[in-house]
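A short worksheet on the structure shown next.
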Amino acid sequence: MQLKIENLTRNFNGQKALDNLSISLTNVTSLVLIGPSGSGKTTLLRVLAGLETPDAGTIRINQRPLLFDEASLHSHRKRIGVVFQGYNLFPHLSAEENIVLPLTKVHGLTREEAMARAHTLLSRFALTGHKDKKPAQLSGGQQQRIALCRTAALKPEVMLLDEPTSALDPEFTTEVLDLVHGLQKEGIELIMVTHEMGFAASAADHVIFMDQGRILANGRPEEIFKNNPNTRINAFISKVLKY
Amino acid sequence: MIARVLEKSGSPVNTRETMPYLFLSDGKEVPGQVWGFNIGLVVLGIAWGVWACFSALGYDLVWENVWHYRSNMIQGFFTTIAITLVSLVLSLVIGLFFGLAQRSRVIMLRILCRVYIEVVRGTPLLVQVLIFFYVVAHAAGIDNRFFVGVCIMSVFSGAYMAEIVRSGIESIAPSQLETARSLGFTQVQTYRYIVFPQVISRILPPLTGQVASLIKDSSLLSIISIREFTMAAREVNATTFSTLESYIPLAIGYLLITLPISFITSRMEKRYKHAA
Ligand SMILES: Nc1ncnc2c1ncn2[C@@H]1O[C@H](COP(=O)(O)OP(=O)(O)O)[C@@H](O)[C@H]1O
Ligand SMILES: [Mg+2]
């Protein structure tokens, strides 16, 4: 993907969640955002998802400018996939229906086509046995994997993931990250916020370190993680990796 | 108490075995015959109370006069059912509209909703009936009493329904609305496919409860001489001077409608508690 952000700013009650942020990237397939809590990662992701309107700045994803009128935002949201950290599934629908509903109602697929897509993904990730269960009958890890499948089924141009494992019990982290890895192998491009440094180092081809609404450093994972000259980044990374 | 004393005296005693039919449920499933026995006791107690009251009154029930006017009572009964049914439909529409409009982006509409709901819920139905009848209906030139009654009950019940709808919609976590938005659902689609299916199952029990209130509350329409069930009983009483013989069938008639409804309500509450 190509990503070009210029002078992006977003204030909340006078506090700058994004502070004149700019970056230009080409040929990135997996972009990982790291940084301390409150540094603006979620806000950036929400702006990219078309869920939040910035106060100033421009964004281009794959050459296409992101416009902030409601009609453009709506069609933008249909092209971009999002998975939040919490529980994303609709509780009244089975796992399978959670995947099928947006395909038929938002993307205009027939029910058969939607079912076929859902079943392909569910069997690819060994979730077929859970397809008729309601979210309440699934573990947190299973729910989050279904949510990832639902987004992947939409064949989004880019998939945005905001700490997809941090609301889960630690035992489920691996299965969710495995699925993300599987999606990468299928060619899905993603931008992901995570505190899983091991995953960031191995799965990302570009890492952005954010602090106080700005980008403090960005580069290939080894540049960011190994012997970074910036003491603040080093301090953050060693704190996250301490235990 | 007895069980505890026995327990202290040495041999451990199971309350359930010593007093199998008496009063205490220990949280386990209560067997059918125990239910039956206890229900029987309660019914006997009530019957004794009623009998005691009547014998203190020294009043002999005479049913002949009232029986003569039974068709008036039956007609009133069905008028009440008709008023309730039409008002139910209208008040559902009103409730849905005002329940949703409180989330509207039009600020005036939101204010209007609050005013309507607070005024209706904060004043006695009796006052509303009189004001509507003597002021609103008069000004609007409506003289069909059945229609006036239906309007009053719909406006009254609609305010309560609106509150039920509003709290139902608010019980949907905002994160679900956000997820729907991120998936590209429009506002209308979000309500249709995500919000309503969940809200309906949650508000069905309180809504049916509201229907029972609607039936009872419609008895106040008798003060503006709408010939529903209560009015019919009052008229029969006025002609026959048989007060109790007129009003006992009235109470039974209302129970005939409300008891099945509360049975259905509690069934639904159980069902949706498990579904949610
Ligand atoms: N909806 C909001 N209302 C008010 N303040 C917000 C809102 N969203 C984010 N913020 C503030 O913006 C800053 C950045 O938040 P966020 O983007 O969530 O950071 P991160 O995801 O890196 O932890 C924080 O100080 C946060 O309190
Ligand atoms: Mg965040």
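The values are calculated or read from the model by the stated rules, or taken from the named source; none is laboratory data. As the structure is a computational prediction, the values presented were derived from the model and not from experiment. Every residue, glycine among them, receives a Cβ derived from its backbone with ideal geometry; neighbour counts consider all protein chains shown. Accessible surface is based on the protein model in full, side chains and every heavy atom, while ligands, DNA and RNA are left aside. Shrake-Rupley method; radii C 1.70, N 1.55, O 1.52, S 1.80 Å.
What about residue A:110, is it within 12 Å of ligand 1 (Cβ to nearest atom) and among the hydroxyl-bearing types (Ser, Thr, Tyr)? No, not satisfied. The one condition from (1) in a loop (DSSP other than H, G, I, E, B); (2) at positive phi; (3) more than 16 Å from ligand 2 (Cβ to nearest atom) that residue A:20 does not meet is (1). Criterion applied to A:182, A:198 was being in contact (Cβ under 8 Å) with a residue 24 or more places away in the chain and either open to solvent by 30 Å² or more (accessible area, probe 1.4 Å) or more than 14 Å from every other protein chain (Cβ to nearest Cβ) (or both), and the one residue passing it is A:182. Determine if the stretch A:82-95 includes at least one residue that is out of contact with any Ser or Thr (no Cβ under 7 Å at 6 or more places or on another chain) and more than 12 Å from chain B (Cβ to nearest Cβ). Yes, because at least one residue in the stretch A:82-95 is out of contact with any Ser or Thr (no Cβ under 7 Å at 6 or more places or on another chain) and more than 12 Å from chain B (Cβ to nearest Cβ). Can you tell me which residue within the stretch A:26-79, out of those that are within 14 Å of chain B (Cβ to nearest Cβ) and outside any helix (DSSP H, G or I), is farthest from the chain's Cα centre (by Cα)? So the residue we want is A:53. Within the stretch A:206-224, work out how many residues are open to solvent by less than 40 Å² (accessible area, probe 1.4 Å) and of a type outside the set (A, V, I, L, M). Residues that pass the stated criteria total 6. Being within 16 Å of ligand 1 (Cβ to nearest atom) and acidic (Asp, Glu): is that true of residue A:55 here? Yes, satisfied.
Residue count for the stretch B:148-190 satisfying the condition of being within 30 Å of residue A:155 (Cβ to Cβ) and touching a helix residue (DSSP H, G or I) at 6+ places or on another chain (Cβ under 8 Å): 12. In the stretch A:155-177, the residues that are farther than 20 Å from residue A:138 by Cα form Cβ pairs under 6 Å with partners that are within 16 Å of ligand 1 (Cβ to nearest atom) and assigned to a strand (DSSP E or B), at six or more places apart or across chains, as follows: A:160/A:82; A:160/A:191; A:161/A:83; A:161/A:192; A:162/A:193. Looking across the stretch A:10-40, the residues that are within 12 Å of ligand 1 (Cβ to nearest atom) and surrounded by fewer than 21 Cβ atoms within 10 Å (Cβ to Cβ) come down to A:11, A:12, A:13, A:14, A:15, A:16, A:19, A:36, A:37, A:38. Scanning the stretch B:74-105 for residues that are among the polar types (S, T, N, Q) and open to solvent by less than 50 Å² (accessible area, probe 1.4 Å) returns B:79, B:80, B:84, B:87, B:91, B:102, B:104. For the residues B:126, B:109, the requirement of being out of contact with any Pro (no Cβ under 6 Å at 6 or more places or on another chain), modelled with pLDDT of 90 or more and open to solvent by 70 Å² or more (accessible area, probe 1.4 Å) singles out B:126.
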